[in-house]
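Below is one structure; the comments refer to it alone.
The values are calculated or read from the model by the stated rules, or taken from the named source; none is laboratory data. Quick caveat: nothing in here was measured; it's all calculated off a predicted structure. Positions of Cβ are generated from backbone atoms using ideal geometry, with glycine treated the same way; all protein chains shown enter the neighbour counts. Areas reflect the complete protein model, heavy atoms only, side chains present, ligands, DNA and RNA absent. Shrake-Rupley method; radii C 1.70, N 1.55, O 1.52, S 1.80 Å.
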Amino acid sequence: MSKNKLLVVSLLVAVTMVVSATVSMAAPITIKFSHVVAENTPKGQMANKFKDLVAERLGGKVVVEVFPNSQLFGDNKVLEAMLLGDVHLAAPSLSQFNKYTKSLQIFDLPFLFEDMVAVEKFQQGPIGQKLLMSMKSKGLVGLGYLHNGMKQLSASDQLRVPEDASGKKFRIMSSDVLAAQFEAVDALPLKKPFSEVFTLLQTKAIDGQENTWSNIFSKKFYEVQPYITESNHGVLDYLVITSAEFWMDLPDDIRPVVKKALDEAIVFGNEVSEKKAIADRQKIIDSGRSKVITLSKDERKQWVEAMKPVWKKFEDEIGKEYIEAAVQSNM
Ligand code: SIN
């Protein structure tokens, strides 16, 4: 080999060694996952499971950092932060996407889904799957749905019939459908972040709120709300969301592994949600701090009749055929 050839080969070997050393030393990809609930909730447990699965399968290459309890962002800021690249995964409630799409408002319609079986059927069906992509043009991609459960009404007074809610202030998530739902019973809805709800209830700045058993339990709302009406009037589920830019920038050999870990974490989170809806309800009853009110058939019918006209109000924004498909999922 000539002197020059030898020099070129040595140089190539040196460059290759430097490149592979740099690659093996490359900083891992960090996925920041922000959420607003406690760690012992379905979402909190799903996020931690996802972190563990990624560590197990992609250790050294990808690190998931989970920020619970609105530590990083509240639901009112997280999507903007995501589009700026300051956070990569979140699972806001389906009520929080108004600014980006009107279609997801379907999940807030009162008394649309009879139970979580119907919700699951709709989400996994063609329309549910299409809705995952409803914000793609805005740079956001839905990766899957996560359950929390059916919502109940908590209040400082007994709520048995719609008139009992009249004139009372209820905290709601940032959703026009939820506002219309409370206005339909002459109540006053107030859009406030989740992190403020306990204090608003404790200081009696508001009279009530709507939430799932696990949120009422984990955030101790039952300690400052003497009555909970078991209304099951709506669903509180989540959309696990990321920015299209971040998602597509993940290396091709990493993205499917992350997605699979997420899918498995969601299945786990859904199992937790089912168990918690039962267990946390019982813990609240056992605490004796809050009386759980069971509605008679006639009382429930009155709530349905008062709130159901909200569907018509949002039919054009959501799409009549979507609402019809959701009704079908109850069959
Ligand atoms: C959540 O479960 O993520 C928050 C629900 C709420 O804001 O009431």
Q.
What's the number of the only condition in (1) closer than 25 Å to GLY44 by Cβ; (2) among the hydrophobic types (A, V, I, L, M, F, W, C); (3) open to solvent by less than 50 Å² (accessible area, probe 1.4 Å) that ILE323 fails to meet?
A. (1)
Q.
If I ask for residues that are within 30 Å of PHE217 (Cβ to Cβ) and assigned to a strand (DSSP E or B), which ones from the stretch 130-148 would you list?
A. GLY142, LEU143, GLY144, TYR145, LEU146, HIS147, ASN148
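Yes/no per residue for (1) small (Gly, Ala, Ser); (2) closer than 20 Å to LYS99 by Cα:
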site: VAL185; (1), (2): no, no
site: LYS192; (1), (2): no, yes
site: ILE206; (1), (2): no, no
site: GLN209; (1), (2): no, no
site: TRP213; (1), (2): no, no
site: SER218; (1), (2): yes, no
site: LEU239; (1), (2): no, yes
site: THR242; (1), (2): no, yes
site: ASP252; (1), (2): no, no
Q: Go through the stretch 197-229 and give me each residue that's more than 10 Å from the ligand (Cβ to nearest atom) and of a type in the set (Asp, Glu).
A: ASP207, GLU223
Q. What single numbered condition from (1) aliphatic (A, V, I, L, M); (2) more than 16 Å from the ligand (Cβ to nearest atom); (3) in contact with an Asp or Glu (Cβ under 6 Å, 6 or more places away or on another chain) fails to hold for VAL36?
A. (2)
Q: Any chance you could count how many residues in the stretch 162-196 are closer than 16 Å to VAL224 by Cα, within 12 Å of the ligand (Cβ to nearest atom) and either assigned to a strand (DSSP E or B) or among the aliphatic types (A, V, I, L, M) (or both)?
A: 2
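Conditions tested, residue by residue: (1) buried (at least 18 other Cβ atoms within 10 Å of the Cβ); (2) modelled with pLDDT of 95 or more; (3) among the polar types (S, T, N, Q); (4) under 17 Å from GLN105 (Cβ atoms).
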{"position": "GLY144", "(1), (2), (3), (4)": "yes, yes, no, no"}
{"position": "MET150", "(1), (2), (3), (4)": "yes, yes, no, no"}
{"position": "GLN158", "(1), (2), (3), (4)": "no, yes, yes, no"}
{"position": "GLU163", "(1), (2), (3), (4)": "no, yes, no, no"}
{"position": "MET173", "(1), (2), (3), (4)": "yes, yes, no, yes"}
{"position": "ASP186", "(1), (2), (3), (4)": "no, yes, no, no"}
{"position": "PRO189", "(1), (2), (3), (4)": "yes, yes, no, yes"}
{"position": "VAL197", "(1), (2), (3), (4)": "yes, yes, no, no"}
{"position": "ASN215", "(1), (2), (3), (4)": "yes, yes, yes, no"}
Q. Could you list, in sequence order, the residues of the stretch 105-122 that are crowded, with 24+ Cβ neighbours inside 10 Å and within 23 Å of LEU79 (Cα to Cα)?
A. ILE106, PHE107, ASP108, LEU109
Q | Hey, LYS99 touching a residue at least 12 places away in the same chain (Cβ under 8 Å), surrounded by fewer than 21 Cβ atoms within 10 Å (Cβ to Cβ) and within 16 Å of the ligand (Cβ to nearest atom) or not | A | yes
Q.
Quick check on the stretch 37-63: of everything there that is open to solvent by less than 10 Å² (accessible area, probe 1.4 Å) and outside any helix (DSSP H, G or I), which residue is farthest from PRO193 (Cα to Cα)?
A. VAL62
